[in-house]
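Handing you a structure now.
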């Protein structure tokens with residue numbers, strides 16, 4: 001089972017790339033981010049591209065995610081990696097993680113697990129919580145580096161303390177796909193409590209399937225209902241089946 005492919009991911013969610021809330025004191029840039037959040041691509045994307053071209057590493061990483069997803073621009077994985085590389089060359093941790101993910105999966109670049117691990121490690125050194133998690137996953141699985149289950153478990157335990165909801169969601173999925181359902185339920189519950197729709201959806205299914213938790217239709221309805229309200233079609237389907 002290839003846990004890296006995120007097989008349980010609902011169809012309208014992308015939790016592969018890491019896109020933390022932008023931090024900027026620049027009024028024009030903040031306005032562009034705000035317009036983007038409101039769905040105004042016409043007025044936001046040109047400004048973001050301008051800042052990326054001027055060398056802002058955070059915006060370069062952000063623009064990379066746009067090209068990777070095709071949001072506001074035509075999808076182009078090679079162009080996405082160009083922007084990730086530009087930001088990574090400046091030591092921007094989340095860009096190093098994003099580029100590492102593409103090397104791990106062979107997205108827009110030739111698949112290279114050793115390069116991916118190196119990028120995850122650099123990302124972790126530069127403060128990327130998602131980079132630290134994927135470094136831990138590589139060590140635990142022996143991908144791109146020598147397998148060391150003990151060290152991997154120690155690093156994974158550190159990620160369980162993360163305040164980053166996306167990291168908790170990804171870690172919960174890792175545990176789920178690894179068959180460690182009790183740990184998965186604990187971590188996914190943390191992310192679900194913070195409003196993460198994917199975690200709410202997966203946690204709801206675990207209450208139905210009695211994986212890591214006692215079967216509890218009430219809890220299942222609660223979490224699937226929250227995910228459904230967030231627009232997750234699989235949650236709507238699962239909720240419908242549960243309600244008969």
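The values are calculated or read from the model by the stated rules, or taken from the named source; none is laboratory data. Because the structure is predicted, anything quoted here is derived from the model rather than measured. When we count neighbours, we look across all protein chains shown, and the Cβ atoms used for this are built from the backbone with ideal geometry, even at glycine.
Can we say residue 132 is under 17 Å from residue 61 (Cα atoms) and touching a residue at least 12 places away in the same chain (Cβ under 8 Å)?
Against the criterion (under 17 Å from residue 61 (Cα atoms) and touching a residue at least 12 places away in the same chain (Cβ under 8 Å)), residue 132 does not qualify.
Which one of the conditions (1) part of a helix (DSSP H, G or I); (2) touching a residue at least 40 places away in the same chain (Cβ under 8 Å) does residue 144 fail to meet, given that it meets all the rest?
Checking residue 144 against (1) part of a helix (DSSP H, G or I); (2) touching a residue at least 40 places away in the same chain (Cβ under 8 Å), the one that fails is (1).
Let me ask something additional. From 108, 100, grab the single residue that is assigned to a loop (DSSP other than H, G, I, E, B), under 30 Å from residue 202 (Cα atoms) and modelled with pLDDT of 90 or more.
Testing whether each residue is assigned to a loop (DSSP other than H, G, I, E, B), under 30 Å from residue 202 (Cα atoms) and modelled with pLDDT of 90 or more leaves just 108.
Further question on the same structure: What number goes with the only condition from (1) surrounded by fewer than 24 Cβ atoms within 10 Å (Cβ to Cβ); (2) over 24 Å from residue 130 (Cβ atoms) that residue 175 does not pass?
Of (1) surrounded by fewer than 24 Cβ atoms within 10 Å (Cβ to Cβ); (2) over 24 Å from residue 130 (Cβ atoms), only one is false for residue 175: (2).
So for the range 160-172 (the condition being more than 15 Å from the chain's Cα centre (by Cα) and farther than 25 Å from residue 98 by Cβ), does at least one residue qualify?
no
If you don't mind, another one. Residues that are at positive phi, touching a helix residue (DSSP H, G or I) at 6+ places or on another chain (Cβ under 9 Å) and not in a helix (DSSP H, G or I): does the range 74-83 have at least one?
no
Another question about this same structure. For the structure I just gave you, tell me whether residue 187 is free of Cβ contacts under 8 Å to residues at least 40 places away in the same chain, crowded, with 21+ Cβ neighbours inside 10 Å and closer than 20 Å to residue 157 by Cβ.
yes
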